[in-house]
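First up is the structure itself, then whatever we jot down about it.
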């Protein structure tokens, strides 16, 4: 008996796994990874400004957001949060940014943006899921404000004080012109 020549295995003779099986396996692996991936709520903040004021929306939590307005002429920051029914403002907020940042300039130049933050609750106050950052450009100061959050059952006209968290200076003051 003569030995037979070795046979090569070609792609056509190898056992093929159907494409549909690969698709199903990939889908299952993808779903498994997506189920274990940490979930984060999608939030979006908006802002606008002109020479006299700036305003922004802030995510409060529990599917609520608030609107905040910074009056550049007075340095007063005010805000209001719509109730869960969406038909009226039920919570109000305020802070005196000019006093908190100790602004000396006759013509302050402000910038304001919201940010997400996780701040611990204290003594019955649950802070919102966001903070507001305000900077004054001529002094180079930046302040961060926490938002006390209590959704009242009825409209509360007394504004809650925004809680100054911390301040820092990002540059030396601009010399007076």
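The values are calculated or read from the model by the stated rules, or taken from the named source; none is laboratory data. Keep in mind that what you see is a predicted model, and the values were worked out from it rather than measured. All Cβ positions, glycine included, derive from the backbone under ideal geometry; neighbour counts span all protein chains shown.
Of the residues 134, 90, 113, which is over 19 Å from the mean Cα position of the chain (by Cα), in contact (Cβ under 8 Å) with a residue 12 or more places away in the chain and assigned to a strand (DSSP E or B)?
On the way: 134 fails: over 19 Å from the mean Cα position of the chain (by Cα); 113 fails: over 19 Å from the mean Cα position of the chain (by Cα).
Being over 19 Å from the mean Cα position of the chain (by Cα), in contact (Cβ under 8 Å) with a residue 12 or more places away in the chain and assigned to a strand (DSSP E or B) holds for just one of 134, 90, 113, which is 90.
With the requirement that a residue be touching a residue at least 40 places away in the same chain (Cβ under 8 Å) and surrounded by 15 or more Cβ atoms within 10 Å (Cβ to Cβ), what does segment 57-72 give you?
First pass over segment 57-72, keeping only residues touching a residue at least 40 places away in the same chain (Cβ under 8 Å): 57-62, 64, 66, 68, 70.
Hits for segment 57-72 are 57, 58, 59, 60, 61, 64, 66, 68, 70.
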- request: Specify which of the listed residues (54, 83) is surrounded by 16 or more Cβ atoms within 10 Å (Cβ to Cβ) and modelled with pLDDT under 85.
  value: 83
message: Return the residues of segment 137-152 that are within 18 Å of residue 61 (Cα to Cα) and either out of contact with any strand residue (DSSP E or B) (no Cβ under 7 Å at 6 or more places or on another chain) or in contact (Cβ under 8 Å) with a residue 40 or more places away in the chain (or both); say none if nothing qualifies.
response: 145, 147, 148, 149, 150, 151, 152
message: So, residue 75, is that one under 19 Å from residue 161 (Cα atoms), touching a helix residue (DSSP H, G or I) at 6+ places or on another chain (Cβ under 8 Å), modelled with pLDDT of 70 or more and surrounded by 10 or more Cβ atoms within 10 Å (Cβ to Cβ) or not?
response: yes
field: Boolean, residue 113 is touching a strand residue (DSSP E or B) at 6+ places or on another chain (Cβ under 9 Å) and under 15 Å from residue 159 (Cβ atoms)
entry: no
